[in-house]
Each structure stands twice: as structure tokens, then as C-alpha cells.
Amino acid sequence: MSATVTPAARPPLTPAARGRGRGRWTWLRGTAIALVTLVFALPLVWMFAAAFKTNVQVTDPSVGLWFRPTLDNFRSIVEAGQIVRSLGNSLLVGVVSTVLSAVIAVPAAWAVGRFGMHRTGSLILVARIVPAISLLVPWYYLFAQMGLVGSYTVLVLSHMFVSVPLIMWVMISFFAGLPVELEEAARTDGLSAFGAFWRVSLPLAAPGTATASLLAFVFSWNNFMFALVFADDRTQTVPVTLFNFISYASTDWGGLMAAATLITVPVVIAAVIGQKYLVAGLTAGATKG
């Protein structure tokens, strides 16, 4: 009979070996994060640098990040006046559509998430996946008959068509993850169902509401198609104004990059200010209970 050979047990890793493994993993993770950050940040860096170049320097590959900056691009677009008016229009439409969408969508999301309205949730999903561009023709006919084309009202309503399902879709999972015992305790103390939502669930849902509202505002701020179809020169928003820098014969690259820098700054500031709520809202509701 052949004897059974028992393999020798592997000696445990020493603290030094474990430290080397962790250090190697940390280095690889840091390198991967740096590469991904570079890929996403490089276009923004190029845009910001090009905003301070002349048109000749922008199109010259030999001119990198070492050049004499100029403010002529910013001065020319501000003196023209259209970009300032468009920034105000975008801010007005974005804030109004986001606030109205949140007022409608947050209580609706609470009702769907708390009372298990699965069919309603399916309808919301359908509204999210329907391309809004497919509705532009019937919308334009309807709003033209109502005399709303070219007004702020039509821009707000069209943006709300996307913002309301977006906010609801984010908030449903958030409310579903809140402990129902908190609302039951509030109702035991004499509050109604809506009172429990208003006094208990809504304050707890502040991070999720901030996240969903920020996403809705960014969509409204960046939307191009609705403004191109429904707006006129008076209600034109910044994406359409950017498009006007591109003509058939030439492109004003310096003015285009300066205007793009101006419209990027408000969104970046909003994201930095709401970063704490944004991270909390994106992670909350991922696990139930």
C-alpha cells in the first residue's frame, strides 16, 4: 500500500509580507484612479486653457499649456450680451423646473415606495426609457396651438417631463430603504400618513432629495434639443448659444471655449457645495433596512 503524503502547511504571512501586499495593491489602485481622473479631466483642462488662447493658438498643435493668456474671448462674449442673457435663462428654467419637479416627484416617490405601488413604478420606468425626442413633434404642435412656443413655460414643462420621472426613480429606492417603524411610531403619536412623511421621512430623505434635484438641474442646464425647438432669441439657453459659435464657414474656437467655461462653472460649484449630500444620496437606499 502506498503511503498518503500530507502536504506541508503553508507558513502564515509575516506582517512585513502583508504590508508589501497591501502597499502593492494601494499603488495599483492609486495608479488606476489617476489614469481615470486624467482621462476625464484632460478635456476640461484643454477647454479651460483654450478659453484663454487666441483662435490661432487654439488650432496650433505646437502651442500647449505654455502661452500668454488673454481675456479677449471672455470680453467679446460678455460684450455681445447673448451669453449673459442665456445664462440667466438657463438658471431660471433649471431652478423652476427642478423645484416644481421635486415638489411633485418626492411625495409621489414616497407613496410608491412606502405602499408598494409596483404598477406605478413600472409606468415611471416606461416614462424614463421613452426618448423625449420622439415627443418633440406632437409637443411642438400642441404648444404652438396654445401659443406657448418661445416662452419660458414650454421650456419648464418639457424639462419637467424628464425631471419628474428621474427624481421619482431615485427617491423610490431611498424611501423604500427607510425603516417603516419610524413612520409607524409617528402615526401612533397621532400624525396622519402625510404628517409622518412630512415630519419624519422627508427630513431623513434630504440627501436623496438633494442628489435627485442636482441630477435634474444638470439635465436641465445641459439640455440642447428642447431649447433648440421651443425657445426663441429671448428665451434661448446656453447650449443653443454655444451652438451659435459654430458656423458653416468657420468656428470661433476661443469664444466657444470661453462660453463653455462660463457655463461649466455653475454646475461644478453646485456639485462641490452639494458633494456631501450627493455622496450620501447615491449610497443611501442601496441596501434596504
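The values are calculated or read from the model by the stated rules, or taken from the named source; none is laboratory data. Note that the coordinates shown come from a computational prediction; the quantities given were computed from them, not determined experimentally. A quick note on method: Cβ atoms are made from the backbone with ideal geometry, for glycine too, and the neighbour counts reach across all protein chains shown. Quick note on the areas: whole protein, heavy atoms, side chains included, nothing else; ligands and nucleic acids left out. Shrake-Rupley method; radii C 1.70, N 1.55, O 1.52, S 1.80 Å.
Looking at Gly281, is it modelled with pLDDT of 65 or more, at negative phi and among the small types (Gly, Ala, Ser)? So Gly281 fails the test. Inspect the range 181-194 for any residue being open to solvent by 60 Å² or more (accessible area, probe 1.4 Å) and polar (S, T, N, Q) and give the result as yes or no. Checked the range 181-194: at least one residue is open to solvent by 60 Å² or more (accessible area, probe 1.4 Å) and polar (S, T, N, Q). I'd like to know if the range 180-189 contains one or more residues that are without any contact (Cβ under 8 Å) to a residue 24 or more places away in the chain and not in a helix (DSSP H, G or I). Within the range 180-189, one or more residues are without any contact (Cβ under 8 Å) to a residue 24 or more places away in the chain and not in a helix (DSSP H, G or I). Could we say that Arg128 is surrounded by fewer than 16 Cβ atoms within 10 Å (Cβ to Cβ), in a helix (DSSP H, G or I) and more than 17 Å from the chain's Cα centre (by Cα) here? No. Tell me, which residue of the range 49-80 that is part of a helix (DSSP H, G or I) and not hydrophobic (A, V, I, L, M, F, W, C) is nearest to Ile246 (Cα to Cα)? Checked the range 49-80; the qualifying residue nearest to Ile246 (Cα to Cα) is Asn55.
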